[in-house]
1. Kindly provide the set of residues from the range 82-93 that are surrounded by 14 or more Cβ atoms within 10 Å (Cβ to Cβ) and hydrophobic (A, V, I, L, M, F, W, C), ordered by number.
2. Go through the range 18-64 residue by residue and tally those that are of a type in the set (K, R) and modelled with pLDDT of 90 or more.
Amino acid sequence: MDPRAQILAAQQLFLRLFAQNDVAGLASCYTEDAQMLVAHMAPILGRAAIQSVFKFTALPGHRLEFQTHELEVTGATALELGSYVRRRADGSTFDRGKYMVVWKQVGGEWKLHRDMFSTSMKAPTPSAREREPSH
């Protein structure tokens, strides 16, 4: 099978597991030494740590949609750039943003090796109380 098709199939598996709130399955989509690079956080290192992140951030009924803009395959690695939308169970948008994934072929399967994403939504405006200096 074409590597691009294999990567897109791995991406679809990830989305199905996300929709099912299967945190162990999601973690299995990553390499053992994967890194998740999230805004405002230190890098999340390794499959076990990534599984813990999903355990605490997964919300039943939420779904994720990806739009791949670029996918470049070079041997056993690939670089994907795209955008995402995260929706609540009622279909309303929870978050939208962009991502970059380095895929790595391990044991004949494509796994997420480096996963970096950030929201494109504006940060909430602080309330008047939050803007007041504390004494």
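The values are calculated or read from the model by the stated rules, or taken from the named source; none is laboratory data. Keep in mind that this is a model prediction, so the values were computed, not measured. We place every Cβ from the backbone using ideal geometry, glycine too, and count neighbours over all the protein chains shown.
1. Step one: list which residues in the range 82-93 are surrounded by 14 or more Cβ atoms within 10 Å (Cβ to Cβ), which gives 82-87.
Of everything in the range 82-93, just one residue is surrounded by 14 or more Cβ atoms within 10 Å (Cβ to Cβ) and hydrophobic (A, V, I, L, M, F, W, C), namely V85.
2. First, the residues of the range 18-64 that are of a type in the set (K, R): 47, 55, 63.
Still in the running and modelled with pLDDT of 90 or more: 47.
Going through the range 18-64 one residue at a time, the tally reaches 1.
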